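Peer 1: Below is one structure. I have some questions about it.
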């Protein structure tokens, strides 16, 4: 029993960390980049997208997903009232990992192919910022709700 509680707490913390990262982008980083000249905004976001692919971020991001899966598999046989734990896992796996892989990563890949100082960058940047940020809001809320759901499950 204490193992499942500990696993739930660690998983909720991972969801909270990711929610905080996404939140910072939604309320500050993307607005700041949007105030730059398009070529500078594109160059900065391209750099951010390269730098964030590091062992610490990937470990927390995908590790939290793995913990969600483990928690859902362990918790269901452990006790009957696992709705909050399963809901938290699904919210993170679909709303954070899924949205990232299906929506944000393809946008990042498209942006990576655009020379920052090209005329095309102006057009791509405006579309990218709007769509990427919209999906980032979804990831933020999903990760936060996943964390809250896991806390309620404890």
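Peer 1: If one takes the longest principal axis of the Cα atoms in the chain, at what angle in degrees, from 0 to 90 and to the nearest 10, does the Cα axis of helix 2-24 lie?
Peer 2: Taking Cα atoms only, the helix is inclined about 20 degrees.
Peer 1: Calculate the FRET efficiency for residue 53 and residue 119 from the Cβ-Cβ distance with a Förster distance of 35 Å, rounded to the nearest 0.05.
Peer 2: Numbers: r = 28 Å, r/R0 = 0.80.
The computed FRET efficiency comes out at 0.80.
Peer 1: If the elastic network links every pair of Cα atoms under 10 Å, which of 30, 73, 13 fluctuates the most in the Gaussian network model of the chain?
Peer 2: Sorting by GNM fluctuation, first place goes to 73.
Peer 1: Once both axes come from the Cα atoms, what is the angle between helix 38-51 and the longest principal axis of the chain, in degrees from 0 to 90, rounded to 10?
Peer 2: That works out to roughly 40 degrees.
Peer 1: Fully extended, how many nm does the chain gain between residue 60 and residue 9 (0.36 nm per residue separation, minus their Cα-Cα distance)?
Peer 2: Additional length available on full extension: 17.0 nm.
Peer 1: Enumerate the whole-percent occupancy of each 10 Å bin, from 0 to the last occupied one, for all C-alpha pair distances of the range 58-128.
Peer 2: Answer for the range 58-128: a P(r) of 18, 32, 21, 16, 9, 3 percent.
Peer 1: Here's another thing I want to ask about it. On a 0 to 90 degree scale, rounded to 10, what angle separates helix 55-78 from the longest Cα axis of the chain?
Peer 2: With both axes taken from Cα atoms, the answer is about 30 degrees.
Peer 1: Suppose we take every Cα in the range 2-153 and form the convex hull; what volume per residue is that in Å³?
Peer 2: Hull volume over Cα atoms, normalised by residue count, gives 88 Å³.
Peer 1: Provide 128, 92 in ascending order of the number of other Cβ atoms located within 10 Å of each residue's Cβ, fewest first.
Peer 2: In increasing order of surrounding Cβ atoms, one gets 128, 92.
Peer 1: Between residue 134 and residue 152, what length in nm is gained on full extension when 0.36 nm per residue of separation is reduced by their alpha carbon distance?
Peer 2: That works out to 3.7 nm of additional length.
Peer 1: Also, quick follow-up: In nm, to one decimal, how far is the modelled label at residue 101 from the one at residue 28, with both set 7 Å along Cα→Cβ?
Peer 2: Label-label distance for residue 101 and residue 28, simple model: 3.0 nm.
Peer 1: With each pseudo-label sitting 7 Å past Cα toward Cβ, what's the residue 69-residue 2 distance in nm, one decimal?
Peer 2: Result for the modelled spin labels: 2.9 nm.
Peer 1: Related question: For the chain, what is the calculated [θ] at 222 nm in deg cm²/dmol (nearest 500), taking -39500 (n - 2.57) for each run of four or more DSSP H residues and dividing by its residue count? Mind showing how you got there, number by number?
Peer 2: On the way: 7 runs with 119 residues, N = 154.
After summing the helix terms and dividing by residue count, I get -26000 deg cm²/dmol.
Coordinate-derived values only; no laboratory data. Here the structure is a predicted model, which is why all the values come from computation and not from measurement. Note: ideal-geometry Cβ built from the backbone for every residue, glycine included; neighbour counts use all protein chains shown.
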